[in-house]
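One structure below.
Bear in mind that the values in this text are calculations on the coordinates, not laboratory data. Remember, it's a predicted structure, so these values are computed and weren't measured experimentally. Virtual Cβ from ideal backbone geometry, glycine too; neighbours counted across all protein chains shown.
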Amino acid sequence: MSLEVFEALNEVVQRRHLNTQQNIATTPQQQQQRQLSVAVAASPTPETVREAPPEPAMDPTAVSEGSESSATESSDKLDTAAKRRKVGSIGASIKHSASILAQTIRNCEEKKDKRHQQLMEFEQRRLQLEETRNEVNRQGMASLAVAVTKLSSAIQSLISDQS
């Protein structure tokens with residue numbers, strides 16, 4: 001029983017450790033992806049040789065901020081979904097571990113009650129045996145007293161017969 005609890009708790013700790021390591025590993029990757037998306041959005045588009053009417057120029061900082069915020073929002077959504085899955089997975093592991101722990105505690109309590117009941121039965125049998133032994137001893141003493149009395153009577157009758 002204790003082994004099951006240990007294994008379940010160990011599993012939860014290992015999952016949490018792996019998830020923490022994955023988050024640490026994915027954070028630099030996500031930052032690189034954000035930087036790449038910002039750089040791609042901020043880079044000017046190549047102009048063709050043919051002259052076209054000038055497009056309304058947008059402030060490059062406004063473009064990069066918009067791209068960065070949309071990239072941040074999408075990565076936040078991914079982070080939130082990942083966190084939700086992670087929390088759900090950890091929650092399920094904790095729930096599973098708690099149910100194993102509760103079952104183990106129930107089993108332990110049942111065994112404890114059973115041992116207590118067996119101990120009480122054993123004690124009751126011991127008391128019954130002791131009472132039986134005491135009764136046998138009393139009967140033996142009473143029988144011995146009766147035998148001594150009979151012997152005494154027989155001796156007295158023998159003495160009176162000889163006189």
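Please go through the stretch 114-163 and pick out each residue that is part of a helix (DSSP H, G or I) and among the small types (Gly, Ala, Ser).
Gly140, Ala142, Ser143, Ala145, Ala147, Ser152, Ser153, Ala154, Ser157, Ser160
Can you tell me which residues in the stretch 108-125 are over 21 Å from Asn10 (Cα atoms) and surrounded by 12 or more Cβ atoms within 10 Å (Cβ to Cβ)?
none
If the Cβ limit is 7 Å and pairs must be 6+ apart or interchain, which residue in the stretch 83-104 that is more than 18 Å from Val13 (Cβ to Cβ) pairs with which residue that is surrounded by 11 or more Cβ atoms within 10 Å (Cβ to Cβ)?
none
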